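Worksheet for the structure shown next.
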Amino acid sequence: IKDDAEAITVARRLAAEFVKDSSKRDRERIWPVAELDQFSQSGLWSINVPKAFGGPEVSYATLAKVVEIISAADSSIGQIAQNHLGVVAAIRTVSDKDQQALLFAEVLKGTRFGNAFSEFGSKRAADFETKFTDAGDHVIVNGQKFYSSGALLAHLVPIVALDDEGRAWYAIADRGAPGLTVIDDWSSFGQRTTLSGTVIIDNVKVPKTYLVPGYKGYDKPTADGAIFQ
């Protein structure tokens, strides 16, 4: 996708396909596997990658419009992309150039970020028990998450974890990493195919090149939080 106009055109084309069986998928809880592949391979999951790294860097208005168009056809599919686009925005804000080049290259080839952010039972959304320890060229992550939209069919799973100073990072783990288990236990009324569920993180290794300093995003106001929502 080269520009805003093309992003809207592609979104409308996909929405016309996604709407056909959206009610059946939701009613029978059929995972939108083929639809998600179409969506992420269409280029729409990289529309907020900066132009300097080969992306179209569309406007926030276009980003919102794309999500609106897809969500009108199938709200679950629209929501699955939410955290992916938020992570892309966060990388743009907090990562150095080398890490941006590495991770944006993943996004541009169609790699999907899931999420492992929220934790059950905490008093505030920003209270985390998931932590990582330094192990040389990688870190070891341990914890448990819930409401992890998109994680079941993600390629990479960003895990919000704290360092020994209590700072929050995105430890981006391979979906197939040993010790990373995603459980299909999400139950809801409507939007039943967001591919949410519990994530168990048991001594999961994450290369430091995939450790994104999310805490730096709180240094100044950005639009990143709005994209995550």
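Shown here is the pair-distance distribution of the chain: with all Cα-Cα distances grouped in 10 Å bins from zero up to the longest one, the shares run 8, 34, 37, 19, 2 percent. Take 104-111, 215-222 and order them by the average number of nearby Cβ atoms within 10 Å per residue, most first; the result is 104-111, 215-222. The trypsin sites (Lys or Arg not before Pro) of segment 1-99 meeting both criteria, a DSSP state outside H, G, I, E and B (loop) and at most 14 other C-beta atoms within 10 angstrom of the site's C-beta, are LYS2, LYS20, ARG29.
Computed extension gain for SER118 through VAL33, at 0.36 nm per residue and net of the alpha carbon distance, reaches 28.2 nm. The angle between the Cα long axis of helix 97-108 and the longest principal axis of the Cα atoms of the chain comes to about 40 degrees, rounded to the nearest 10.
Quick check: the angle from helix 4-18's long axis to the longest principal axis of the chain, C-alpha only, nearest 10 degrees? For 4-18 against the chain, the angle is about 80 degrees. The slack between ILE200 and TYR60, meaning 0.36 nm per residue of separation minus the straight C-alpha distance, is 47.0 nm.
Every number here is computed from the coordinates shown, using simple stated rules; none is lab data. All values derive from a computational prediction rather than experimental measurement. All Cβ positions, even for glycine, are placed from backbone atoms using ideal geometry, and neighbour counts span all protein chains on display.
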